[in-house]
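Novice: Sharing a structure here in structure tokens format.
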Amino acid sequence: QVQLIESGGGLVQAGGSLRFSCVASGRTFSKYAMGWFRQAPGKEREFVAAITWKDGIPVYADSVKGRLTISRDNAKNTGYLQINSLISEDTAVYYCAAAAGFILRDRRTYSYWGQGTQVTVSS
């Protein structure tokens with residue numbers, strides 16, 4: 001089992017930035033890819049970004065590419081997601097997740113999920 005706890009959400013003005021953290025406990029976090037997803041009201045949960053466990057290679061959704069930076073510190077069992085130039089469409093609950101598989105854009109790949117953290121972008 002891997003337990004994930006996100007933090008870093010909140011209310012922010014459009015154009016601002018947020019940095020999320022995802023702290024993992026349980027099994028060796030470094031052996032799992034880490035992903036971030038978000039779910040806006042009335043919409044399905046969508047892929048935002050992911051990072052491989054071995055080489056730390058990032059993968060980004062096309063809709064947010066250029067505004068996001070994903071990273072991880074395996075020594076601290078922690079992953080991070082930075083979002084810049086926030087827009088109202090970024091309002092959602094953001095989830096981190098851990099996956100042993102390789103299809104990182106697919107939420108079905110992920111076995112473990114955090115509880116989510118709310119982000120509200122005001123214009």
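The values are calculated or read from the model by the stated rules, or taken from the named source; none is laboratory data. None of these values were measured; they are calculated from a predicted model. Glycine also receives a Cβ, built like all others from the backbone with ideal geometry; neighbour counts cover every protein chain displayed. SASA here: full protein model, heavy atoms, side chains in, ligands and nucleic acids out. Shrake-Rupley method; radii C 1.70, N 1.55, O 1.52, S 1.80 Å.
Novice: Go through the stretch 5-22 and give me each residue that's open to solvent by less than 30 Å² (accessible area, probe 1.4 Å), among the hydrophobic types (A, V, I, L, M, F, W, C) and more than 11 Å from the chain's Cα centre (by Cα).
Specialist: Hits for the stretch 5-22 are 12, 18.
Novice: Within the stretch 76-123, how many residues are crowded, with 21+ Cβ neighbours inside 10 Å and over 20 Å from residue 13 (Cα atoms)?
Specialist: Residues that pass the stated criteria total 9.
Novice: Out of the stretch 76-123, which residues are among the β-branched types (Val, Ile, Thr) and part of a loop (DSSP other than H, G, I, E, B)? Please lay out each step first, then the result.
Specialist: Let us first name the residues in the stretch 76-123 that are among the β-branched types (Val, Ile, Thr), namely 78, 83, 87, 91, 93, 103, 109, 117, 119-121.
Result: 87, 91, 103.
Novice: Which residue out of 91, 78 is of a type in the set (S, T, N, Q) and at pLDDT below 95?
Specialist: Working: 91 fails: at pLDDT below 95.
It is 78.
Novice: Of everything in the stretch 62-75 that's within 16 Å of residue 29 (Cα to Cα) and not aliphatic (A, V, I, L, M), which residue is surrounded by the most Cβ atoms within 10 Å (Cβ to Cβ)?
Specialist: Initial filter on the stretch 62-75 (within 16 Å of residue 29 (Cα to Cα)): 70-75.
Remaining after also requiring not aliphatic (A, V, I, L, M): 71-74.
Values: 71: 15, 72: 23, 73: 13, 74: 17.
Out of the qualifying residues, it is 72.
Novice: Go through the stretch 30-50 and report how many residues are under 12 Å from the mean Cα position of the chain (by Cα) and either free of Cβ contacts under 8 Å to residues at least 40 places away in the same chain or surrounded by fewer than 14 Cβ atoms within 10 Å (Cβ to Cβ) (or both).
Specialist: In the first step, residues of the stretch 30-50 are kept if they are under 12 Å from the mean Cα position of the chain (by Cα); the result is 33-39, 45-50.
Narrowing the set further to residues that are either free of Cβ contacts under 8 Å to residues at least 40 places away in the same chain or surrounded by fewer than 14 Cβ atoms within 10 Å (Cβ to Cβ) (or both) leaves 46, 49.
Going through the stretch 30-50 one residue at a time, the tally reaches 2.
Novice: Of the residues 71, 25, which is over 11 Å from residue 119 (Cβ atoms), within 11 Å of the chain's Cα centre (by Cα), in a strand (DSSP E or B) and small (Gly, Ala, Ser)? Outline the logic, then answer.
Specialist: On the way: 25 fails: within 11 Å of the chain's Cα centre (by Cα).
Exactly one residue qualifies, and that residue is 71.
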